[in-house]
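Shown next, in structure tokens, is the structure this report addresses.
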Amino acid sequence: MKDFFKCQECVDLLTDYLEGSLEVEVKRRLDEHLAGCAPCINFVRTFEKSQDLTNRLREQQVNVPREVQERVKSFLKVELVALSSERQK
Amino acid sequence: MVAIMKVRELDQRQIVEGLKALDTDIIDDFVDQYSRPLFGVILNYTKNPSDAEEILQDTLLKIIKKIETFREESDIWPWMRRIAINNGIMWLRKHRAKQDRTTQLEDLLPKFSRDGEFDSPVYGWSVDPEEVYLNSELAGELYEAVQSLPYEYRVPLVLKDIEGYAIKQISSLLGLKEPTTKTRIHRARLFVRERLAQYFEGR
Ligand SMILES: [Zn+2]
């Protein structure tokens, strides 16, 4: 019977822990381990930070090369001709 | 480096009316205005530029064809973004075999000793989330980290942590069981954290 969580178990359970979906008893044991483990505290904080930063990528925009935009426009022109003759039927 | 092509900014009403009427001038401006943000969304699903171009074309065409179904009282960008995401996922389903499997996820998961303790020290980071905007090096590092994930981990992570979808929704979009989706997201997060840790500790 194991009484103490190891760092590895904390790391494995971290996503469930942070979203609050752990069973009460499991959460209690994890909190207990965290209270006395500096590396895990750093790990939890940086794990959350990393998630925050990832979320920021939402607004990430990349450059679309000019020629890509031009090709896309010509592609659409051809498609539009087909589309409008379809609609006129 | 950034070429400022001042294009006419269309408002939502102009876009909706222009697309409905198949107005080619409006559609050209619409392409100028929305290619960049849409391309950013699409590149989360494929890293290959010519595939991304194909998905972009298809996405824009779908937007034009579906504009009649757009509810005008809502905001058009999230609607277009969803079309791009769905197209990206559909593309992946069709081209699964083409996907690269170069990154070994295991190499960048945290390592533990036999008694379950961290193998190497874990440091804190001093970073302000705003830094992602201010410091393009960090944003680039993070983007690279996400991009280097194998697609079966990357896509669930992108849908959860970038697009903000629920586990249930992601699972049904990708045809995965919910526990599988959760495990993949967790491991992908560990991988990204580890890449960032290397970056912060090395700088
Ligand atoms: Zn620990």
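Key figures
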quantity: Label-point gap, in nm, between B:Lys62 and B:Gln33 - each point 7 angstrom along Cα→Cβ; calculated: 2.1
quantity: Mean residue ellipticity (222 nm) of chain B, computed from DSSP H runs ≥ 4 via -39,500 (n - 2.57), nearest 500; calculated: -19000 deg cm²/dmol
quantity: Drop in accessible area of at least 50 Å² in the complex versus isolated chain, residues of the range B:159-193, 1.4 Å probe; calculated: B:Asp161, B:Ile162, B:Lys182, B:His186, B:Arg189, B:Arg193
quantity: Where labels lie 7 Å past Cα in the beta-carbon direction, separation of B:Glu178 and B:Glu9 in nm; calculated: 4.2
quantity: Pairwise FRET efficiency - B:Ser113 versus A:Arg45, Cβ, R0 = 22 Å, nearest 0.05; calculated: 0.50
quantity: Translational D in µm²/s for the range B:99-201 (Stokes-Einstein at 20 °C, 1.002 mPa s, Kirkwood Rh from C-alpha pairs); calculated: 144
quantity: Unmatched cysteines, chain A - criterion: no other Cβ of a Cys under 4.7 angstrom; calculated: A:Cys7, A:Cys10
quantity: Nearest-10 value in Å² for the accessible area of A:Glu70, using the 1.4 Å probe; calculated: 80
quantity: Total accessible surface hidden between A and B, rounded to 100 Å², 1.4 Å probe; calculated: 5100
quantity: Sulfur and carbon atoms: percent of accessible area, the range A:7-88 [1.4 Å]; calculated: 49
quantity: Share of carbon and sulfur in the accessible heavy-atom surface of the range B:12-95 [1.4 Å probe, %]; calculated: 46
quantity: Burial of 50 Å² or greater, the range B:43-63 residues [accessible area, probe 1.4 Å, versus chain by itself]; calculated: B:Glu53, B:Gln57, B:Leu61
quantity: Karplus-derived 3J(HN,Hα), 6.51/-1.76/1.60, for each residue of the range A:51-63, Hz, glycine and proline x; calculated: 5, 4, 5, 4, 4, 5, 5, 3, 8, 4, 10, 10, 6
quantity: Local net charge near A:Ala82, Cβ-Cβ under 13 Å (Lys/Arg +1, Asp/Glu -1); calculated: +2
quantity: Within the range B:120-203, chymotrypsin sites (Phe, Trp or Tyr not before Pro) in DSSP loop having at most 15 other beta-carbon neighbours inside 10 Å; calculated: B:Tyr123
quantity: Label-point gap, in nm, between B:His95 and B:Ala166 - each point 7 angstrom along Cα→Cβ; calculated: 3.2
quantity: Residues in the range A:53-71 that, when all protein chains are in place, have 50 Å² or more less accessible area than the chain alone would give (probe 1.4 Å); calculated: A:Leu53, A:Thr54, A:Arg56, A:Leu57, A:Arg58, A:Gln60, A:Gln61, A:Val62, A:Asn63, A:Val64, A:Gln69
quantity: Measure of compaction for the range B:9-91 (Cα Rg per 2.2 N^0.38 Å); calculated: 1.04
quantity: 5 angstrom amide H check on B:Phe112, placed H, neighbours 5+ away; calculated: B:Asp119
quantity: Euclidean distance between Cα centres, the range B:154-203 to the range A:68-85, Å; calculated: 36
quantity: Whole-number accessible area per residue in Å² for the range B:12-95, which is evaluated in the context of all protein chains at 1.4 Å; calculated: 41
quantity: Accessible surface, 1.4 Å probe, highest first, among residues B:Glu73, A:Glu86; calculated: B:Glu73, A:Glu86
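The values are calculated or read from the model by the stated rules, or taken from the named source; none is laboratory data. Because the structure is predicted, anything quoted here is derived from the model rather than measured. So basically every Cβ, Gly included, is an ideal-geometry build from the backbone, and we count neighbours across all protein chains shown. Ligands, DNA and RNA are stripped out before the accessible areas are found, and what is left, the full protein with its side chains, is counted by its heavy atoms. Shrake-Rupley method; radii C 1.70, N 1.55, O 1.52, S 1.80 Å.
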